[in-house]
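Taking it in order: structure first as structure tokens, then the write-up.
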Amino acid sequence: MAAVTFEGATRTFPQSDRPAVDALDLGIGDGEFMVVVGPSGCGKSTSLRMLAGLEPVSSGRVLIDGVDVTGHRPRDRDVAMVFQGYALYPSMTAGENMAFALRNLGVGADEIRTRVAEAARILQLEELLDRKPAKLSGGQRQRVAMGRAIVRDPKVFCMDEPLSNLDAKLRVSTRAEIAALQKRLGTTTVYVTHDQTEAMTMGDRVVVLRDGRLQQIGTPAELYERPVNTFVAGFIGSPSINLLDRVPVRDGRAVVAGSLRIALPAAGAGLASVTVGVRPEGVDVAGSDPGAGDRLTARVLRVERTGAELFALVEPLGLTDGVGHRGDHLVVRLDKRLGVHEGMELTLRVHLDEALVFDPEGIAVR
Amino acid sequence: MTAVQAPAERSSRLSRAGGYAGLLLVVLVVALPLYWILISSLKERPDIYTVPVGWFPDPLTVDNYSAVGSGVAFTDYLRNSIIITASLTVIQVVLGVLSAYALAFLRFPGRSLVLLFVIGSLMVPNQITVISNYALVAQLGWRNTFTGIIVPLAGVAFGTFLMRNHFLSLPREIIEAAEMDAAGPLRMLWRVVLPMSWPTLIAFTLITIVNEWNQYLWPLLMADDASVAPLPVGLAQLQDTQGLTNWGPVLAGTVLTMLPILLIFLALQRHMIKGLTAGAVKG
Ligand SMILES: Nc1ncnc2c1ncn2[C@@H]1O[C@H](COP(=O)(O)OP(=O)(O)OP(=O)(O)O)[C@@H](O)[C@H]1O
Ligand SMILES: [Mg+2]
């Protein structure tokens, strides 16, 4: 168990003019489950591999437990990694795969047997210990890869999209298992994923990267409720937040439409126009009362039902001149019992306290 | 079934037939001389030269085979061949694997230069180095010794290159996993890398065995007598002692020379199957 610190950690690949990870500053507490998310190519794996020692650090430092490990070999860092493709040794049985590191470290045979048996019990692999990876299912391989990491009882777990090769159902159940296992072992964990649902459900804290630069660190709730910029707002939450650009500000209110005026926080005083973010779930169908500057009329273009939920893709009507929305429609989540159908005109009530305001550069105004 | 076929199906059948015809042609080109050697070695002396050609030995005789033994010291040559081939194979496979491992996985200054050097040496034909090698070996007093035959042949550029390329094609994640699992270089090689490399390694070994078994020019220059000369040199000797007209014993000697290699090939080739990384990585 240990705390992990990135201090301005940068990795520039040879023949590349732009760093893949740019001056990453990140502190991960002892026993914390930190999830790293971001779109493809944003530098998640590179960050993780710098921690594991598989990728050299161009500048900056990586510390584990206060010790600068920047120049250390992977084996000297006491870090275990679960790879995206599992990377099991094909010639060894599941049990041998799990025991390999312990053997290399010179742990006694009895001790190895006990620890492998314990890990196998936790991961329900007891029956499979004598099988080679080729004879295991995807989910079982994933568990062996987890087992290989936990038998070592390392200071830090690194996991690089360990669930991305599983089918959707298994992914959901394994997600919960990994989170529970981590709580139980209390090992500091850095978990990379591009799936924001995994990030929201698993992490104690989540860090969002974009083009190698850190955007925001925070608890899932903080990221969802108070994103620092439009990128984080758009990345966290599914379906994505609706963003309305170039909303003019009058009398301290962002006037999205005549009937929808959002009060700006004090910090937004001098702004002439802002970007407003409204989450699909921050909207209801309004009653017949006139409302309090929180109404927006819209026409339903299409209805998507997932069974449990109903999403309406709508075109907003009566927007203030010059206001534009990203994408060709807004998405709102509505009560599935309402009988919403295509072509219908709706009056929506926007929960003003949940609406987000960003300046023209996309930085949150608070 | 109806006789109607889609045009595509017919043309694919045609091209398949063409493929088989090509295959047959190649087999004939390769197999006919071999068959000819085999039957001629089993014929009586006059039958070898009769026209029209007899495709089956009639009468069948093994006299030629006993003549091989009496003509030259066949068992000596065989022993020498085994010594030379076995030493060279062991040396080359060990050196080839180790150097390939270093070039593929270890980071050290000048690595690409070393690789360039290895590839460069592949492009120098043997014939060019023969004279300088000869001068050197003679000076060292190694003429007519196994050392003199084996040491200059022990370079492994091809094997290094082959194995390195194979090592680089292995899933990178597994190597990294072993690195994280604190496997030292030898353990990594033996427990992780080689188990995924048997087919390539066996192919490399087989090529080496065949190559060294058939070495002719260098041993011919080095060896003066049956104490160190391998079989190919012995066969040439056999041809000399039999005169230019008695092909029977020469061909019988040729068959006997090929036989061990054929057996080794048959024993090893079924191990050259692919699929050793099955289940290792996904995605
Ligand atoms: N070995 C390499 N050489 C050069 N550039 C690389 C190398 N590996 C990664 N990159 C670049 O570095 C950037 C970050 O890559 P990285 O693998 O960390 O992304 P990622 O966030 O893990 O993406 P994904 O979700 O697709 O796995 C990318 O732009 C990628 O093209
Ligand atoms: Mg990645």
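The values are calculated or read from the model by the stated rules, or taken from the named source; none is laboratory data. Remember, predicted model here, so these are calculated numbers, not experimental data. All Cβ positions, even for glycine, are placed from backbone atoms using ideal geometry, and neighbour counts span all protein chains on display. The accessibility values were calculated without ligands, DNA or RNA, using every heavy atom of the protein model including side chains. Shrake-Rupley method; radii C 1.70, N 1.55, O 1.52, S 1.80 Å.
Pick out which of A:V274, A:V323, A:V144 has the largest mean-square fluctuation in a Gaussian network model of chain A, springs linking Cα atoms closer than 10 Å. Ranking A:V274, A:V323, A:V144 by mean-square fluctuation puts A:V323 first.
Computed over every Cα-Cα pair of the range B:1-113 and binned at 5 Å starting from 0, the pair-distance distribution P(r) comes out as 2, 8, 8, 8, 8, 9, 9, 9, 10, 9, 8, 6, 4, 1 percent.
When 1/r is averaged over all different Cα pairs and the result inverted, which Kirkwood radius in Å belongs to the range A:85-194?
Details: mean 1/r = 0.0707 Å⁻¹.
Result for the range A:85-194, one decimal place: 14.1 Å.
Mean-square fluctuations from a GNM of chain A, with a 10 angstrom spring cutoff on Cα atoms, peak among A:G343, A:G277, A:G106 at A:G106.
Between B:T200, B:L34, B:A154, the Cα set farthest toward the positive side of the dipole of chain B (charges on each charged residue's Cβ, about the Cα centre) is that of B:T200. Rolling a 1.4 Å probe over the heavy atoms of the protein chains gives the protein assembly as shown an accessible area of 49 Å² per residue.
Set the Förster distance to 45 Å, then compute FRET efficiency between A:A266 and A:S59 from the Cβ-Cβ distance, nearest 0.05. It comes out at approximately 0.70. Taking only the alpha carbons of the range B:18-61, we obtain Rg and Dmax values of 13.2, 40 Å in that order.
What order do you get for A:176-186, A:350-360 when each peptide is scored by the mean count of other beta carbon atoms within 10 Å, highest first?
Numbers: A:176-186: 14.9, A:350-360: 17.5.
By packing density, highest mean first, the sequence is A:350-360, A:176-186.
Mean residue ellipticity at 222 nm, helices only, chain B: -22500 deg cm²/dmol; runs of at least 4 DSSP H residues each add -39,500 (n - 2.57), and the sum is divided by the number of residues. Using the rule -39500 (n - 2.57) for each DSSP H run of four or more residues, divided by the residues of chain A, the 222 nm mean residue ellipticity is -7000 deg cm²/dmol. Compared with the dominant principal axis of the Cα atoms in chain A, helix A:138-150 is inclined by about 70°.
All Cα-Cα separations within the range A:187-332 were binned at 5 Å from zero, giving a P(r) of 2, 8, 16, 18, 18, 16, 12, 7, 2, 1, 0, each value a whole percent of the pairs. A viscosity of 0.692 mPa s and a temperature of 37 °C, combined with the Kirkwood radius over Cα pairs in Stokes-Einstein, give a translational diffusion coefficient for chain B of 144 µm²/s. Exposed loop sites here are trypsin sites (Lys or Arg not before Pro) in DSSP loop states with at most 10 other C-beta atoms within 10 Å. What is the longest stretch of chain B lacking them? It works out to B:108-269. Considering only B:I91, B:I209, B:I175, the Gaussian network model of chain B with Cα springs below 10 Å gives its largest mean-square fluctuation to B:I175.
By DSSP, what percent of the beta bridges with both residues in the protein assembly as shown are antiparallel, rounded to the nearest 5?
Details: 58 of 75 bridges.
If I count the DSSP bridges inside the protein assembly as shown, around 75 percent turn out antiparallel.
The residues of the range A:90-129 listed by number as losing at least 50 Å² of accessible area in the complex, against the isolated chain and with a 1.4 Å probe, are A:P90, A:F100, A:N104. The modelled label-to-label distance for the pair B:W190/A:R18, using points 7 Å beyond Cα in the direction of Cβ, is 4.8 nm.
Averaged across orientations, what area in nm² does the convex hull of the alpha carbons in the range B:83-184 project? Intermediate values should be presented prior to the final figure.
On the way: hull surface 33.2 nm².
So the Cα hull casts an average projection of 8.3 nm².
Shown for chain B are the DSSP H helices of 15 Å or more along their axis, judged by Cα atoms, with a mean Kyte-Doolittle hydropathy of at least -0.5: B:7-41, B:74-105, B:111-122, B:126-139, B:157-169, B:198-213, B:231-242, B:247-269. Here the protein assembly as shown has an Rg and Dmax of 36.8, 120 Å, counting Cα atoms alone. Here chain A is assigned +1 on the Cβ of each Lys and Arg and -1 on the Cβ of each Asp and Glu. Its dipole about the Cα centre then comes out at about 740 debye.
For the pair B and A, how large is the buried accessible area, both sides, in square angstrom to the nearest 100, if the probe is 1.4 Å? Intermediate results must be reported in sequence, preceding the final value.
Details: alone 17150 and 16980 Å², together 31740 Å².
Interface area, both chains combined: 2400 Å², rounded to the nearest 100.
Remark: the range A:239-358 carries a charge dipole of roughly 60 debye about the Cα centre, counting +1 on each Lys and Arg Cβ and -1 on each Asp and Glu Cβ. Projecting the alpha carbon convex hull of the range A:89-143 along each direction and taking the average yields 3.5 nm².
Quick one: Kirkwood hydrodynamic radius for the range A:4-231, alpha-carbon pairs, angstrom, one decimal? Every distinct Cα pair counted, the radius reaches 18.1 Å. With K and R counted +1 and D and E -1, the other residues having a Cβ less than 12 Å from that of A:R115 yield a net charge of +1.
Give me the percent of the accessible area of the protein assembly as shown that comes from carbon and sulfur atoms, probe 1.4 Å, all protein chains in place. Looking at the protein assembly as shown in its full context, I get 59 percent from C and S.
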